[in-house]
Amino acid sequence: MTIRNGLPEVAVVAFAQTAHVRAADDLSEVEMLLPVLREVLERTGLSAGAVDFTCSGSCDYLAGRAFSFTMALDGVGAWPPISESHVEADGAWALHEAWVKLLTGRAETALVYAYGKSSAGDLPAVLTRQLDPYYLAPLWPDSVSLAALQTRALLDAGGTDERELAGIAARSRNAAEANPYAQLTGSPSADALLESDHLVGPLRLHDVPPVSDGAAALVLAAGDTARRLCGTGRRPAWIRGMDHRIEAHSLGVRDLTDSPSTRLAAERAGLFDPQAPPPDVAELHTPFTAQEVVLRKALRLGPGTAVNPSGGPLAANPVMAAGLIRIGEAAERVACGEARRAVAHATSGPCLQHNLVAVLESDAAADGPGSHGAEEERG
């Protein structure tokens, strides 16, 4: 096994996702997930039984029943017995658990998947269950209203304006035209978007994500196994660092115009390494337009970094899978050679409360600027 900085190298070697839709009424969670699992395993040549560790992310509140994740195991195949775990969170946190498992040497391959059928209930109301149960949750403030409070705080602080937010929406959904899995594609100009009425002031419809049903899965592998499983014409997307941090539960004690937890996670993940180039791509889990402004500042992203070239959550937002998709999308850019270095972000909770940052690189990025030719010589 290849060792880097005293730890095994771990990479994303395959990624797959559903074509996200407003409502997959004719599919159960297992039926929605099964084709994705088959696709991602076929890309590596592995069978479910040959994977050392399996970890999933989902939410029982979306399904409306306890331990709903156990049904999804039918899509994986839990017999003969497998080494399996689950997080009641976005699949990005399942990936973090699997990554740690591989770093410790307790596994060499891992299957990570996540899914969510947001259409089954009133999603903004369901997400109130994430709130502080004593002071906030009894008031039932929905997720869109809370995002409106964050947006208003940013506008009042001079951190953005409504035209910039409309530009983010237009750019994201126009970028999604090149993404066959996106739910919303194409957009009028920012000026045209601003002619629409407010949904929840100051948010307009273009500032909020669509309700989406969907699933995603990826395979992690360590060292030489990662290189072998990638196949011809693709590169491992090495996870050079990953960290997640959480802020206070109470919105009243947080500055909603900043994200110190994202900044700290990025620092610990190595994003700000002065010896490394800036990321070519950033896939940010920003369901609301104003959150991109906050995160670009926290992650110190400059104009040379393409933000959400997939369209991001404004084009498709399957809750519990959208964060994992950001990592998968970033890994795909590295794997196909479009990016040498990428950053992926996932969030959970109201107003960017809990944030995860992952830094992914190709072998060329580790060699420094001007090393693409050297990488090609290595094949």
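Read the figures in this text as sums done on the coordinates, not as results from a lab. In this text the structure is predicted, and so the values were computed from the model without any measurement. We place every Cβ from the backbone using ideal geometry, glycine too, and count neighbours over all the protein chains shown.
Counting other Cβ atoms within 10 Å as a rough exposure proxy, the listed residues Ser348, Ser259 run Ser348, Ser259 from fewest neighbours to most. Name the residues whose placed amide hydrogens come within less than 5 Å of the amide hydrogen of Val21, ignoring near sequence neighbours (fewer than 5 apart) on the same chain. The list, which skips near neighbours in sequence, is Asp213.
Full extension of the chain between Glu267 and Glu31 gives 81.0 nm of extra length, using 0.36 nm per residue less the Cα-Cα distance. Using alpha carbons only, how many angstrom separate the centre of segment 172-225 from the centre of segment 105-137? Answer, in whole Å: 19.
Net charge around Arg173, counting only other residues with Cβ within less than 14 Å of its Cβ (Lys, Arg = +1; Asp, Glu = -1)? Kindly include the intermediate steps, with their values, before the conclusion.
Values: positive: Arg171, Arg204; negative: Glu177, Asp207, Glu292.
Net charge around Arg173: -1.
Local charge for Ala290 was computed over the other residues whose Cβ lies under 14 Å away, with Lys and Arg +1 and Asp and Glu -1, and equals -3.
Using just its DSSP H runs of length 4 or more, each adding -39500 (n - 2.57), the chain gives a mean residue ellipticity at 222 nm of -10000 deg cm²/dmol after division by all residues. DSSP assigns beta bridges within the chain; of those with both partners inside it, close to 70 percent run antiparallel. By the count of other C-beta atoms within 10 Å, a proxy for reagent exposure, Thr104, Thr262, Thr128 are ordered fewest to most as Thr104, Thr128, Thr262. The mean sequence distance of close C-alpha pairs (under 8 Å, at least 6 residues apart), as a share of the length of segment 23-103, puts its relative contact order at 36 percent.
With an 8 Å cut-off on Cα pairs and a minimum separation of 6 or more residues, tell me the relative contact order of the chain in percent. Intermediate results must be reported in sequence, preceding the final value.
Values: 849 pairs, mean separation 91.1, N = 379.
Taking the mean separation of contacting Cα pairs over the length of the chain, I get 24 percent.
The relative contact order of segment 221-338 comes to 29 percent, based on Cα pairs under 8 Å that sit 6 or more residues apart.
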